[in-house]
1. Taking the condition of being touching a residue at least 60 places away in the same chain (Cβ under 8 Å), away from the ligand (no atom under 16 Å from the Cβ) and not polar (S, T, N, Q), how many residues in the range 183-226 meet it?
2. Looking at Ser5, Ser46, Ser12 in this structure, which one is at pLDDT below 95 and either of a type in the set (S, T, N, Q) or at negative phi (or both)?
3. Contact list please: Cβ distance under 8 Å, first residue in the range 287-305 and in a helix (DSSP H, G or I), second residue among the hydroxyl-bearing types (Ser, Thr, Tyr), pairs at least six apart or on different chains.
4. What tally of residues in the range 219-243 results from selecting those that are surrounded by 19 or more Cβ atoms within 10 Å (Cβ to Cβ) and at pLDDT 95 or above?
5. Taking the range 118-143 on its own, how many of its residues are in a helix (DSSP H, G or I) and surrounded by 24 or more Cβ atoms within 10 Å (Cβ to Cβ)?
Amino acid sequence: MSHESRGDIAPSVEETAADIASMEIRGAATIADAAAAALAEQATFSTAETPEAFRVELEAAARELYETRPTAVSLPNALRYVLRGMGGETVDQRRRSIIRRAETFRRDLEQAQETLGRVGANRLRDGDTVMTHCHSTDALACVEAAVSDGKHIEAIVKETRPRQQGHITASDLRELGVPVTLVVDNAARRYLDDTDHVLVGADSIAADGSVINKIGTSGLAVNARERGVPMMVAAQSIKLHPDTMTGHTVEIEMRDEREVLEDGSYSEITGDDSRGDDGFIVENPAFDVTPPRHVDAIVTEHGQYPPESIVMLMRDLFGETTSDPWE
Ligand code: RI2
């Protein structure tokens, strides 16, 4: 990727972008938080001599961050929010405005998650068992709030191939004192009979109430519906995808096929270290789309919504849409 005419990007911004791309930094809310922090770092780093040059640098940094992962809308929403806060007629005024705005964003993000957690906790009863998929800090906030209300909650945690983020969920839940049963993804349907709620996060929510989340969510939702287990999606409003109000679809990230085949197994199967020669293809979509009819509630910091009504909240919060975070 060429950085030509993008101005001087701070090394810490480049590092954050690389960490998001490699999933060292991951999870839609965490990515948004890191992106806002990176823009503040860019503002501090900038040696721009004119307010216009400062703006160009900040936009270049935003582009660098934006191009890392395409699906979680929290990333462009965070960048847009921070850049829109840029004000003032001098470089220093603009610098301060960006730093302040990033701080506000990060504080609000944390607060939204806490508030959402309390809303989600109201759906959980004492003695309930939740089934989780992947690792979502918004979903965990609901369990944390329920536990702090004194409810006993247990969890069945899906491993979530290929990157096994379910293991992170298992260890976070254990820290909350929640008894955890870890299962491989293929075992999920069997354990739905022991489950009171499927509880997942979201990377993006579309205007029709479709939930874009870690690959495997939609199959779990279909099975949960068939078993009569309610499906709850915990998603702060930063996960709402404004462009879907005007008919855009959400791009599903395709990641490196090597994530699917663990170290060594790739060359065992292909007899080669490189792809292609042996005539098969490995595909690694990171996300899928769960239609609204399989979702019971989307829990946000503004309350819980049936998926078909989420567009009302989107209109309230976003109004007219924009396609790029720097517009
Ligand atoms: P929080 C994750 O994506 C998972 O799909 C998770 O459900 C979602 O982000 C939301 O996470 P990835 O970054 O914002 O692991 O709730 O690909 O933490």
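The values are calculated or read from the model by the stated rules, or taken from the named source; none is laboratory data. Bear in mind the structure is a predicted one, so any value in this text is a computation, not a measurement. Here the Cβ is made from the backbone with ideal geometry for all residues, glycine too, and neighbour counts use every protein chain on show.
1. 9
2. Details: Ser46 fails: at pLDDT below 95; Ser12 fails: at pLDDT below 95.
One residue alone meets the criteria, Ser5.
3. Qualifying pairs under 8 Å: Pro292/Ser210; His294/Ser218.
4. Going through the range 219-243 one residue at a time, the tally reaches 15.
5. Kept after step one, since they are in a helix (DSSP H, G or I), are these residues of the range 118-143: 118-121, 137-143.
Subset that is surrounded by 24 or more Cβ atoms within 10 Å (Cβ to Cβ): 120, 138-143.
Qualifying residue count, the range 118-143: 7.
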